[in-house]
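Just so it is clear, none of the values below were taken in a lab; they were calculated from the coordinates. Worth saying up front: this structure is predicted, and the values here are computed from it rather than measured. FYI the Cβ positions are ideal-geometry reconstructions off the backbone, even for glycines, and counts take in every protein chain you see.
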Amino acid sequence: MCGRTRCTLRAEDIPRACCVDGASVRTVDVNRYRPSFNVSPGSDLPVVRRDEACGGESEGAVLHCMKWGLVPSFTKKTEKPDHYRMFNARSESICEKASFRRLVPNNRCLVVVEGFYEWKKDGPKKQPYYIHFKNDQPLVIAALYDSWRNSEGEMLYTFTILTTCSSSNLQWLHDRMPVILGNKESIDAWLKGSTSKSESVLKPYEDPDLVWYPVTPAMGKPSFDGPECIKEIQLKSEEKSSISKFFSKKKGDDEQKLDSQVKVSSEESAQTRPLEEFEVKPPFEEKTELPSDSNMDTGPKSNVSSLPKGEAEKCGIKRYYQEFAGNSMPAIGNIDKLQTSPIRKKKEILNNTGDKQATLFSYFGKS
């Protein structure tokens, strides 16, 4: 499909793009042509066709300004022309449909543009792309034209652009593309050749010099015109990827810089610090000899049980821990005093009194 084009060429440059000698070209209604960055159906564009006034001579050509959007000659005179109805024609079926079949033998023409626009569907949204030659040379497109006379007697010339299946490079964008004639042989075959020979050029353009890039969605309006139509934009997905790449690169650079700083600082510290500082020293000194029971104090520390010398070394228990435990834990005698029950305490009191106090049992025993 081809529904928007760019044509800002001068009228005199169009025959040259079609490999036609400008000296033998006749012009018709060229004053209607208005260069535009956003050409839509219904606009006037110069096309190159064979000159019927030359008596069938193949060298004659006409630069004729026509309206884009075919209006067949059998259309009723009172009917209002709809240029959006047939602005494209499928090249695979032009010899089958009545609107185009009768035009193939003698009404072939060439449309010259600098590029065309195509929309990529992304859900409910559509993103336009501008497609053109890498060297910005004009694109020559195969077309058919017809003439129709309205109720007022005015003759209207219109044309339709032929389309074919997309090339392998453009299938991601759309399933159709205009028939681009990329060399003089294909141009002459379509404009001047026989019907059978002209059909051989109706194929996708596969050369790699056809390039594209995204443009502003504002050019979807036919009234939007100017160089902004072909200005390349950056899509949001590309912006996110570029931002993520930027931060990932910055993160990698920061990590590399940090590693280098750590390495340098470690080397400097290794050179400036003396070797004694790198010697591993125990946090405390172990006392290999344990004091005997006779040398121990009679204070609360004496109530703490201590391990034999071999067991202490085996378990790794240090003397300073024993001293800490002795100072912090209560004596065993005090624990016994705290845990004495009232009954036991009463018995002790009774035992301690002896015969000093008479009891009921001793009273009845005496009697």
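Brief remarks follow.
- Karplus-derived HN-Hα couplings along segment 157-166 (A = 6.51, B = -1.76, C = 1.60, θ = phi - 60°), whole Hz, x at Gly and Pro: 9, 9, 9, 10, 8, 7, 10, 9, 5, 5
- Residue-span extension gain [Arg26 to Lys125] - 0.36 nm each, minus C-alpha spacing: 31.2 nm
- With a threshold of 31 Å on the Cα-Cα distance, the over-threshold entries among Lys97/Lys125; Lys97/Lys192; Lys97/Lys121; Lys134/Lys236; Lys67/Lys231; Lys184/Lys236 are Lys97/Lys125; Lys184/Lys236.
- Ranked by how many other beta carbons lie within 10 Å on average, peptides 152-164, 221-233, 68-80 from highest: 152-164, 68-80, 221-233
- Amide H partners (placed H, <5 Å) of Phe224, local residues excluded: none
- Each residue of segment 192-207 is assigned a 3J(HN,Hα), and the resulting list reads 10, x, 6, 4, 5, 6, 5, 5, 6, 8, 7, 8, x, 8, 9, 5 Hz, derived from the Karplus form 6.51 cos²θ - 1.76 cosθ + 1.60 (θ = phi - 60°), x at Gly and Pro.
- Around the amide H of Ala11, modelled in the peptide plane, lies no amide H under 5 Å away from a residue 5 or more places distant or on another chain.
- Between Asn150 and Trp172, the contour length at 0.36 nm per residue exceeds the Cα-Cα span by 3.7 nm.
- Local electrostatic count, Phe224, Cβ distance below 14 Å [Lys/Arg +1, Asp/Glu -1]: +2
- Spacing of the two label points (7 Å from each Cα toward its C-beta) at Ile233 and Ser200, in nm: 4.4 nm
- Cys165-Asp225 pseudo-label distance in nm [points 7 Å out on the Cα-to-Cβ vector]: 3.8 nm
- The phi-based Karplus calculation (6.51 cos²θ - 1.76 cosθ + 1.60; θ = phi - 60°) puts the 3J(HN,Hα) values of segment 183-189 at 8, 5, 4, 5, 5, 5, 5 Hz, whole numbers, x for Gly and Pro.
- For Met86, residues with placed amide H under 5 Å, excluding near neighbours: Leu70
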